[in-house]
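Following: one structure in structure tokens, then a few remarks.
Every number in this text was worked out from the coordinates using simple rules, so none of it is lab data. Computed from a predicted structure; not experimentally measured. Methodologically, a virtual Cβ is constructed for each residue, glycine included, from the backbone with ideal geometry; neighbour enumeration extends over all protein chains shown.
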Amino acid sequence: MNRLGLTYLMILLATFLVLMLAATAAMAQRPVSLSLAHFFPATHPAETELVQGWAKALAEASNGRIDVVSYPGQTLLAAPEIYDGVVTGIADIGLSVFAYTRGRFPLLEVFELPGVTYKNSKVASQVAWDAIKALNPAEIQDTKLLMVLATGPGDLFTKSAVRTLEDLQGMEIRATGLSAKTLTALGAIPVAMPQSEAYEALSRGLVKGNLSPLEVLQGWRHAEVTDYLTLTPFLYNTLFFVTMNQRAWDRLPEDLQTVITEVSEQFFHDVAKGLWDAQNDSALTYAVETTGQQVIHLTDEETARWTELVLPIQADFLQDMAGRGLPGQEALDLVIELSEKYNAQY
């Protein structure tokens with residue numbers, strides 16, 4: 001090839017490389033649309049404040065390059081299917097409850113154990129997020145976990161009064177995850193179902209109560225179908241996840257990954273971790289003042305009776321984790337240490 005031909009070829013190659021780089025840069029700047037599946041109603045603060053607030057923050061931080069499209073009310077995936085739906089790519093992002101798929105996240109059951117006190121949802125959420133970062137459990141490595149948040153303490157709301165253990169015997173109570181084991185230890189009959197099905201079950205008498213955070217009384221209208229509220233803050237905590245399909249994450253440009261990571265961390269601190277506190281306060285006021293819900297405080301003697309029955313569940317958890325080769329004692333020690341720290345802080 002003569003010098004002129006070689007020069008022409010080099011010009012063509014250079015032009016091709018420039019075009020390729022330009023195309024790559026243009027693709028990197030293209031907006032990314034991400035579907036998000038969850039089970040809360042479209043009017044629930046989990047949608048209006050958490051999902052929409054986070055989506056808006058991501059859009060602003062990325063100059064419009066990230067567009068999160070929400071599918072509330074199980075319109076894309078049913079509540080128990082959301083995590084696996086994210087794994088398989090049916091949804092790019094999912095918000096749901098770890099406990100809805102019992103046994104799928106064995107080590108994370110440490111955050112549901114009775115006998116651990118969480119003063120509020122800020123405490124419970126911060127404990128869980130810190131502990132998950134430290135433990136980095138294998139059971140959540142199949143997605144990109146963006147944040148977790150917790151309800152904090154939960155209580156019993158029932159159709160008939162529960163003032164003693166004897167009142168609870170044989171009562172069908174809606175529960176999920178480890179809460180079912182807790183209720184069994186107390187003599188109740190747990191009935192597993194997601195929150196989205198509990199209103200109808202209560203209204204039809206299929207269950208006689210629910211063990212849940214107070215927000216359910218208003219956000220899910222359970223104060224309309226129950227009459228009594230027994231305060232049991234030592235029994236309950238539920239952990240939610242916001243997680244992303246790993247392949248969808250890997251396809252994102254590095255700068256958008258950074259945006260999602262930083263915005264999610266900030267949004268966790270500013271909004272997510274305390275989301276249930278305001279709802280719980282509002283729901284309690286609503287239930288008492290609007291529907292006439294009667295609040296029952298257990299006596300100290302009765303609280304001690306209940307606690308004695310549920311504490312062995314911690315020992316069962318440790319034995320189960322040892323059998324699976326999982327660091328159960330490390331996880332429980334960390335949760336107790338962090339709960340004491342954040343109970344004092346919040």
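Label sites at Leu311 and Thr258, each approximated as a point 7 angstrom past Cα along Cα to Cβ, lie 5.1 nm apart. In degrees, nearest 10, range 0 to 90: what is the angle between the Cα axis of helix 3-28 and the longest Cα principal axis of the chain? Rounded to the nearest ten degrees, it is 20. Annotation: amide H-H contacts under 5 Å for Ile189 (H modelled 1.01 Å from N, sequence separation of 5 or more, or interchain): Gly170, Met171, Glu172, Ile173. Between the beta carbons of Leu206 and Glu49, assuming R0 = 22 Å, the FRET efficiency works out to 0.10 to the nearest 0.05. Packing here is the average count of other Cβ atoms within 10 Å per residue, and on that basis the peptides 289-299, 34-44, 118-128, 205-215, highest first, run 118-128, 205-215, 34-44, 289-299.
Taking amide H as placed 1.01 Å from N in the peptide plane, Val69 has its amide H under 5 Å from the amide H of Leu34, Ser35, Leu36, each at least 5 places away in sequence or on another chain. Roughly how many whole Å is it from the C-alpha centroid of the range 128-181 to that of the range 202-277? When both Cα centres are located, 11 Å separates them.
Annotation: amide H of Asp227 within the under-5 Å range of Thr158, Lys159, sequence separation 5 or more or interchain, hydrogens built in the peptide plane.
Computed 3J(HN,Hα) for the range 225-233, one whole-Hz value per residue from the Karplus formula 6.51 cos²θ - 1.76 cosθ + 1.60 where θ = phi - 60°, is 10, 9, 10, 10, 10, 9, 6, 9, x, glycine and proline marked x.
Adding -39500 (n - 2.57) for every DSSP H run of four residues or longer, then dividing by how many residues the chain holds, sets the calculated 222 nm ellipticity at -14500 deg cm²/dmol.
Between Thr75 and Glu139, the simple label model (points 7 Å from Cα in the Cβ direction) yields a spacing of 3.2 nm. All C-alpha to C-alpha distances of the chain, sorted into 20 Å bins beginning at zero, yield P(r) values of 29, 52, 13, 5, 2 percent in whole numbers. Among the lysines of the chain, pairs that are 8 or more positions apart or on different chains and have alpha carbons within less than 18 Å of each other number 12. Each Lys and Arg Cβ is given +1 and each Asp and Glu Cβ -1; about its Cα centre, the chain then shows a dipole of about 1060 debye.
Coupling constants for the range 285-298 follow from the phi torsions by the Karplus curve (6.51 cos²θ - 1.76 cosθ + 1.60, θ = phi - 60°), and in residue order they are 4, 4, 5, 6, 7, 9, 10, x, 4, 9, 8, 10, 9, 5 Hz; glycine and proline get x. Using the Karplus relation 6.51 cos²θ - 1.76 cosθ + 1.60 with θ = phi - 60°, the per-residue 3J(HN,Hα) values for the range 89-105 come to x, 4, 10, 6, 9, x, 10, 6, 10, 4, 5, 5, 10, 4, x, 6, 10 Hz, with x marking Gly and Pro.
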